[in-house]
Amino acid sequence: MKTVSIIVPCYNEEEVLPEFYKRSVDAAAEIHGWDHEWIYVNDCSSDRTGNLLAALAVNDNRVKVINLARNRGHQIAVTAGLDFAHGDAVVIIDADLQDPPEVIARMLSLIDEGFDIVHAQRTQRPGETIFKLWTAKMFYSMLRRIGDVKVVENAGDFRCVSKPVAETMRAFREPHRFLRGMFSHLGYEQCILQYDRDIRHAGESKYPFIKMAKLAADAVFSMSSAPIRSILWAAGITWGFGLLYLMYSVITYFTVGINEPGWTSAVFLLTVYTGVILMSIAVVGQYIGRIFEQGQDRPLYWVSKTHNIESGHFEQPIPEVKLARKTRVEDQETVTSSSMAEPKVFVAKRPADGWASVASDS
Ligand code: UDP
Ligand code: MG
């Protein structure tokens, strides 16, 4: 029997964990042909999340728990989960029930059909502020313009990937991570599964504006060298502007003589040029800061305690890419899209009485 590892990053999620556990266990019971394990990554929560997870692990040995010794943020928590996941497929899902666990069954059926990466794309985002929706929209449209890879729009980190993809991803160790972009970047056979997003079951968002802004910066500076290249444009434009101004001054000098004291224009030019220079230094600084952190080569996270994880797991797996991938015959028949083409889109329809009814009805 194949196994799916379900990675759940948790940061102060005591209010939702019991419900998440219950719903995801019910949903998993409906998945045929797959065994399941949950890899809960406690991102150094300050509430009772750690105790709740320890209790779940005692009663259910499919529940594996990794406690990080320091809060490292969502993207790194997911990375820790990926390092410990050994399933034939790996699902990444938030603990707050915004991503319905009932959708996992459909994701796995797409993996069975031969896809390697199933991006879950939100068709509805109830309960999100207009500000968040607007910034997300602007952000994706900017990424599309400058990014070297296409990031699937409106897809968070809810995703299902095959074992080869998870193993490949393990080799990517940059400290500033934008996982959804990195997965899109990997290639393989990708598809999109659309679903209706729910509101957060309880508790509040652990992504305040400042964390969102950091993630956005990671997305831009780790996925694209466009900002550093754009300096050349900015320099070109201001140079051109300066040159035109020089020509204008020379011409007016010879035709009408000096007729303005020049103070305004001097200040104007000074501010424009200083602005461009400072902006350029800042952009270069972003990359140098990242080079510095990469050069330090620190571990991405460190683990304080685990539950239900054998001692062999303890040593953090040395990233190793197993490139060889057995091609199943049915893969070739069902998968027609190439990873370079637009990914195929599927739809998971939300039942009229909500996602939770999927498991409880039957
Ligand atoms: N999370 C985490 N570490 C953090 C912040 C968040 O592991 O430092 C987890 C959190 O518990 C949740 C997921 O990341 O499972 C997404 O966070 P949240 O739902 O608060 O983000 P939002 O949906 O509001 O963007
Ligand atoms: Mg959420």
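How many residues, within the range 1-47, are aromatic (Phe, Trp, Tyr) and either assigned to a loop (DSSP other than H, G, I, E, B) or more than 11 Å from ligand 1 (Cβ to nearest atom) (or both)?
Filtering the range 1-47 down to residues aromatic (Phe, Trp, Tyr) leaves 11, 20-21, 34, 38, 40.
Those left that are additionally either assigned to a loop (DSSP other than H, G, I, E, B) or more than 11 Å from ligand 1 (Cβ to nearest atom) (or both): 11, 21, 34, 38.
Counting residues in the range 1-47 that are aromatic (Phe, Trp, Tyr) and either assigned to a loop (DSSP other than H, G, I, E, B) or more than 11 Å from ligand 1 (Cβ to nearest atom) (or both) gives 4.
Within the range 185-196, can one find any residue that is surrounded by fewer than 20 Cβ atoms within 10 Å (Cβ to Cβ), within 16 Å of ligand 2 (Cβ to nearest atom) and closer than 30 Å to Thr49 by Cβ?
There is at least one residue in the range 185-196 that is surrounded by fewer than 20 Cβ atoms within 10 Å (Cβ to Cβ), within 16 Å of ligand 2 (Cβ to nearest atom) and closer than 30 Å to Thr49 by Cβ.
Testing Arg72 on (1) under 18 Å from the mean Cα position of the chain (by Cα); (2) within 16 Å of ligand 2 (Cβ to nearest atom); (3) assigned to a loop (DSSP other than H, G, I, E, B), one condition comes back false. Which one is that?
Here Arg72 clears every test but (2).
Please enumerate the residues belonging to the range 85-107 that are part of a helix (DSSP H, G or I) and surrounded by fewer than 23 Cβ atoms within 10 Å (Cβ to Cβ).
Passing the criteria: Ala105, Arg106.
Which of (1) within 16 Å of ligand 2 (Cβ to nearest atom); (2) open to solvent by less than 10 Å² (accessible area, probe 1.4 Å) is the odd one out, the single condition Arg122 does not satisfy?
Against the list (1) within 16 Å of ligand 2 (Cβ to nearest atom); (2) open to solvent by less than 10 Å² (accessible area, probe 1.4 Å), Arg122 comes up short only on (2).
If I ask for residues that are farther than 19 Å from His201 by Cβ, open to solvent by 10 Å² or more (accessible area, probe 1.4 Å) and of a type outside the set (S, T, N, Q), which ones from the range 56-75 would you list?
Those that are farther than 19 Å from His201 by Cβ, open to solvent by 10 Å² or more (accessible area, probe 1.4 Å) and of a type outside the set (S, T, N, Q): Val58, Asp60, Arg62, Lys64, Ala69, Arg70, Arg72, Gly73.
Which of (1) modelled with pLDDT of 80 or more; (2) within 16 Å of ligand 2 (Cβ to nearest atom) does Val220 not meet, given it meets every other one?
Every condition holds for Val220 apart from (2).
Is there any pair with a first residue in the range 1-25 that is on the phi > 0 side of the Ramachandran plot and a second that is of a type in the set (Lys, Arg) and within 11 Å of ligand 1 (Cβ to nearest atom) whose Cβ atoms are under 9 Å apart and which are 6 or more apart or on different chains, and what are they?
Every condition considered, the pairs that remain are Asn12/Lys206.
Return yes when Ala54 is within 20 Å of Val358 (Cα to Cα) and either in contact with a helix residue (DSSP H, G or I) (Cβ under 6 Å, 6 or more places away or on another chain) or away from ligand 2 (no atom under 16 Å from the Cβ) (or both) and no when it is not. Spell out how you get there, then give the answer.
Working: within 20 Å of Val358 (Cα to Cα): no; either in contact with a helix residue (DSSP H, G or I) (Cβ under 6 Å, 6 or more places away or on another chain) or away from ligand 2 (no atom under 16 Å from the Cβ) (or both): yes.
No: the conditions fail for Ala54.
So which pairs qualify, if the first residue must be in the range 195-209 and near ligand 1 (Cβ under 7 Å from one of its atoms), the second must be aliphatic (A, V, I, L, M) and assigned to a loop (DSSP other than H, G, I, E, B), the Cβ gap must be under 8 Å, and the two must be at least 6 apart or on different chains?
Arg200/Val16; Arg200/Leu97
The values are calculated or read from the model by the stated rules, or taken from the named source; none is laboratory data. These figures come from a predicted structure and were not determined experimentally. Every residue, glycine as well, gets a Cβ built from its backbone with ideal geometry; the counts of neighbours run over all protein chains shown. Quick note on the areas: whole protein, heavy atoms, side chains included, nothing else; ligands and nucleic acids left out. Shrake-Rupley method; radii C 1.70, N 1.55, O 1.52, S 1.80 Å.
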